[in-house]
Amino acid sequence: MEPQLSHQVADSVATVVIRHAAKRNAMTTAMWRALPPLLDGLARDPGVRALVLTGEGGTFCAGADISTLKGSPEEAQSLSAAAEEALAAFPKPTLAAVRGHCVGGGAQLAVACDLRLAEEGALFGVTPAKLGVVYLASSTRRLVSLVGPATAKYLLFTGELIDAGRALRTGLVDEVLPEGELDKRVADLTRVLVSRSQLTQAAAKEFADGRTGREAHWTAQARGSGDTAEGVAAFLERRQPRFTWSVSTSG
């Protein structure tokens, strides 16, 4: 099978799968280029309320396909940065489901997600120092905000891989699951995510990511959405709320 990104939508969750089995799901130039428009389409789909990014088979993503760096490393880095920013800006909750290697560009994508769940045995690394590549300031800041400056420097200075246990302790991942339990936990968590207020999630994502200046916008959205009234009513009536506000239809 040709290297590609595939996706499917089920139960309000879009699952994007990195497929490049010959090179442990390394991202080609074409795959980097394809990710932003794919994400844009899923962001606009009112049937999508959360997104899962994962790799085919037993590994997440071993980074960029190095053969694509030979022609123009600058172009390859620009494409990976655009893909990272598109994933970070996705307006609905995103979750990386990690097995095996999550290295280089793979770690870049995982860090751009809102949440990261990993299976025992997963390995993580940020490896530009092995190639003499300057890691982008935006990518470095995102990594620092997640794991802190000391761990970020360790990962960037050494390029060494760390195991899932250390990734959990440093905040690089949110949960580590025993082998065979990752898919169930991802399904359970995404089921929770899609049941919650998309209005709350979208505003919280902006604020948590340091994007400010739209407080008035979100106040107006909340006032006109009906989600608050529905949430209070559902609580008092002891039933599941039926939130109707959607990123895709909010304008």
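The figures follow:
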{"read-out": "Long-range neighbours under 6 Å by Cβ, at least six apart or interchain, first residue under 26 Å from TRP245 (Cβ atoms) within the stretch 82-102, second β-branched (Val, Ile, Thr)", "value": "PRO91/VAL247; LYS92/VAL247; LEU95/VAL52"}
{"read-out": "Filter result for the condition that a residue is on the phi > 0 side of the Ramachandran plot and outside the structural domain of LEU87 (by TED's automatic domain parsing), over GLY180, GLY171, GLY224, GLY210", "value": "GLY210"}
{"read-out": "Odd one out for THR29 among (1) over 19 Å from ALA96 (Cβ atoms); (2) loosely packed, with under 15 Cβ neighbours inside 10 Å", "value": "(2)"}
{"read-out": "Condition check for LEU172: part of a helix (DSSP H, G or I) and touching a Leu at 6+ places or on another chain (Cβ under 9 Å)", "value": "no"}
{"read-out": "Residue list for the stretch 1-28, restricted to those being more than 19 Å from the chain's Cα centre (by Cα) and of a type outside the set (Asp, Glu)", "value": "MET1, PRO3, ALA21, ALA22, LYS23"}
{"read-out": "Filter result (surrounded by fewer than 17 Cβ atoms within 10 Å (Cβ to Cβ) and either under 18 Å from ALA88 (Cβ atoms) or touching a residue at least 60 places away in the same chain (Cβ under 8 Å) (or both)) within the stretch 10-26", "value": "ASP11"}
{"read-out": "Subset of the stretch 208-232 (residues that are surrounded by 13 or more Cβ atoms within 10 Å (Cβ to Cβ) and outside any loop (DSSP other than H, G, I, E, B))", "value": "TRP218, GLN221, ALA222, SER225, ASP227, THR228, GLU230, GLY231"}
{"read-out": "Unmet criterion (only one of (1) outside any helix (DSSP H, G or I); (2) among the hydrophobic types (A, V, I, L, M, F, W, C); (3) over 21 Å from SER246 (Cα atoms)) for VAL16", "value": "(3)"}
{"read-out": "Scan of the stretch 120-168 for residues that are in contact with a Leu (Cβ under 8 Å, 6 or more places away or on another chain), of a type outside the set (Ser, Thr, Tyr) and not in a helix (DSSP H, G or I), ordered by number", "value": "GLU120, LEU123, PHE124, GLY125, VAL126, LEU131, LEU161, ILE162, ASP163"}
{"read-out": "Selected residue [buried (at least 16 other Cβ atoms within 10 Å of the Cβ), in contact with a Phe, Trp or Tyr (Cβ under 8 Å, 6 or more places away or on another chain) and in a helix (DSSP H, G or I)] from LEU39, LEU51, LEU35", "value": "LEU39"}
{"read-out": "Qualifying position, being modelled with pLDDT of 90 or more and under 30 Å from LEU123 (Cα atoms), among THR200, THR190", "value": "THR190"}
{"read-out": "Any hit, the stretch 4-17, residues being modelled with pLDDT under 95 and of a type outside the set (A, V, I, L, M)", "value": "yes"}
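The values are calculated or read from the model by the stated rules, or taken from the named source; none is laboratory data. All values reported here derive from a predicted model rather than from experimental measurement. Every residue, glycine among them, receives a Cβ derived from its backbone with ideal geometry; neighbour counts consider all protein chains shown.
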